[in-house]
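A short write-up of the structure that comes next.
Readers should treat all values here as calculations from the given coordinates under stated rules, not as data from a laboratory. If you're wondering where the values come from, they're calculated on a predicted model, not measured in any experiment. Positions of Cβ are backbone-derived with ideal geometry, glycine not excepted, and every protein chain shown enters the neighbour counts.
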Amino acid sequence: MARTLTFLGIESSCDDTAAAIVRHGDDGTQILASIVSGQTELHAAFGGVVPEIAARAHAEKLDLCVEQALEQAQLGLTDLDGIAVTAGPGLIGGVMSGVMCAKGIAAGTGLPLVGVNHLAGHALTPRLTDGMAFPYLMLLVSGGHCQFLIAHGSEEFTRLGGTIDDAPGEAFDKTAKLLALPQPGGPNVETEAEGGNPKAYAFPRPLLDRPGCDMSFSGLKTALLRTRDEVVAQHGGLPRAIRRDICASFQAAVTDVLVKKSRRALTEYMDLAPSAPGFAVAGGVAANRAIRAGLESVATEFGATFVAPPLRLCTDNAAMIAWAGLERFRLGHRDGMDLVARPRWPLDRKAAPLLGSGKKGAKA
Ligand code: KG4
Ligand code: ZN
């Protein structure tokens, strides 16, 4: 019988300040509270996240978010068994704000402190939502991340490959910018793509001719820019119907790359002969219906269960941090007041570092 544990999670590695409370015991897992306070409007004028502004906003909001989470869960600090905090990777000022907040609470209450890898938070989410069994294959796909991971255990991951430049969410955001669609680009490009012809333009699908699971998305925006300029030169503007075709063709290219590379990643993963094969996806781009449908059908091809957690748990949140901290704690992991904030922290220590860093900062 496992002791029931209640953990506070704190997340501040990018542009969302978040606090959550998760309880886990023999009778299951509950998210008792999850507060996410975004900073989109603070960075809107700058076309990307400004690290100093983000760090200051986190420092101002963190204790309020913790207070709100406790209130939502109707708990006090004394009802907790531990505090989990994102200790990296991410924008260092923000990570430091969270780590300092968590250390303050730990020092004041005497509760154990557990530093969590933000990527492990995403990668362990299918266990929080669906109790997925190890080993499973994970695709993290957002504005800052893009990698295939095999999760063997709560602290053991193999990275099969990832983007060598832009993350797909970044490509969606840049596409929206080039086509004068509002930010965040993903949902707007997806809406525009409806009714467009996905075969109208043959956008590049880089690295598909090479073995392995690495991907590249930066060439797409150059091709898109060229196409847009040609259309504008020819029509004196960007007709709505053509913009729809461009969005549909762009989305088809991203989907195609993710689907084909998922097939390779699943092939490698299936070599482990998992008894209950599972393929999960997390990150904002997992909200895209075409991409989701493509990934689900590849999972079915391989006889793997497909899990796409609800969007609020796919994007940055603190429930995933509380959960990952709780799993680490059960393995006996504790951190002291010497816990450091790390800008880079690869999940797979044996894998070569990734070249790309993403618009939201270095992500390992
Ligand atoms: O996971 P997330 O909230 O933040 C991080 O990047 O860590 O992901 C945000 C990204 C943005 O780039 C956004 O454009 C993209 O996810 N996104 C989408 C969709 N919804 C959000 N991309 C494609 N289709 C969508 N429906
Ligand atoms: Zn994230």
What order, most packed first, do the peptides 22-32, 325-335 have when packing is the mean number of other Cβ atoms within 10 Å of each residue?
325-335, 22-32
Within the chain, helix-based [θ] at 222 nm, where runs of 4 or more DSSP H residues each add -39,500 (n - 2.57), nearest 500:
-14000 deg cm²/dmol
Lys/Arg +1, Asp/Glu -1 at C-beta; the chain dipole; positive extreme among 233, 90, 77
233
Using +1 on the beta carbon of Lys and Arg, -1 on that of Asp and Glu, and nothing else charged, what's the dipole of the range 135-312 about the Cα centre, debye to 20?
460
GNM on the chain, C-alpha springs below 10 Å: top fluctuator among 51, 126, 274?
274
Nearest 20 debye, what's the magnitude of the dipole of the chain about its Cα centre given +1 on Lys and Arg Cβ and -1 on Asp and Glu Cβ?
840
Separation in nanometres of the label points that stand 7 Å from Cα toward Cβ, at residue 349 and residue 302
2.6
Note down the net charge around residue 208, summing +1 for each Lys or Arg and -1 for each Asp or Glu among other residues with Cβ under 14 Å from its Cβ.
+3
Residue by residue through the range 192-203, the couplings from Karplus 6.51 cos²θ - 1.76 cosθ + 1.60 with θ = phi - 60°, in Hz, x for Gly and Pro, are 5, 5, 5, x, x, 9, x, 9, 5, 10, 8, 6
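Report the antiparallel proportion of the DSSP beta bridges in the chain as a percent, rounded to a multiple of 5. Don't skip to the end; give the middle numbers.
Values: 30 of 47 bridges.
Given both bridge residues lie in the chain, the antiparallel proportion sits at roughly 65 percent.
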Of 195, 185, 284, which has the largest mean-square fluctuation in a 10 Å C-alpha GNM of the chain?
195
Using a 7 Å offset from the Cα along the Cα-to-Cβ direction at both residue 338 and residue 177, what is the distance between the two label points in nm, to one decimal?
4.2
What is the list of residues in the range 278-295 whose amide nitrogen lies under 20 Å from a point 7 angstrom out from the Cα of residue 311, following Cα to Cβ?
280-295
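Let's test the formula: R0 of 41 Å, r as the Cβ-Cβ distance of residue 208 and residue 56. What FRET efficiency results, to the nearest 0.05? Don't skip to the answer; put the middle values down first.
On the way: r = 43 Å, r/R0 = 1.04.
It comes out at approximately 0.45.
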Could you tell me how many cubic angstrom of Cα convex hull volume the chain has per residue?
133
Along the charge dipole of the chain, Cβ charges K/R +1 and D/E -1, which of 272, 180, 128 sits furthest on the positive end?
180
